[in-house]
Amino acid sequence: MQLQVAGPAPDAEVPDVVGKDCAKAVDDLIDEGLYPRYISGRSGKVAKQEPAEDGPARWNDEVSIWCGAGAPDQPTTKPTS
């Protein structure tokens, strides 16, 4: 069975997932009808998301998330000599 709906996709609310565990963040995005796009891995905490919370989105739009140690905007430590 296939369902077809006429008209534009409905609006979606982008939740704030920064600081959440990546797996929980993905669940939150899917619950809002959004499609998560992993930029830097699938484990750890979310360091960044685009669009930001309450950003414009429609159902099934992608929300990019940066998870784990490879995520931008996370402090890194370098050994000092």
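Per-structure values
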read-out: Test for V46: is it out of contact with any Ser or Thr (no Cβ under 6 Å at 6 or more places or on another chain), surrounded by fewer than 18 Cβ atoms within 10 Å (Cβ to Cβ) and among the β-branched types (V, I, T); value: no
read-out: Selected residue (only one of K20, K24, K48 is of a type in the set (D, E, K, R), under 18 Å from A69 (Cα atoms) and touching a Pro at 6+ places or on another chain (Cβ under 7 Å)); value: K48
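Read-outs: derived from the displayed coordinates by stated rules, not from any lab. These numbers come from a predicted model, not from an experiment. Reconstructed Cβ throughout: ideal geometry from the backbone, glycine too, with neighbour counts over all protein chains shown.
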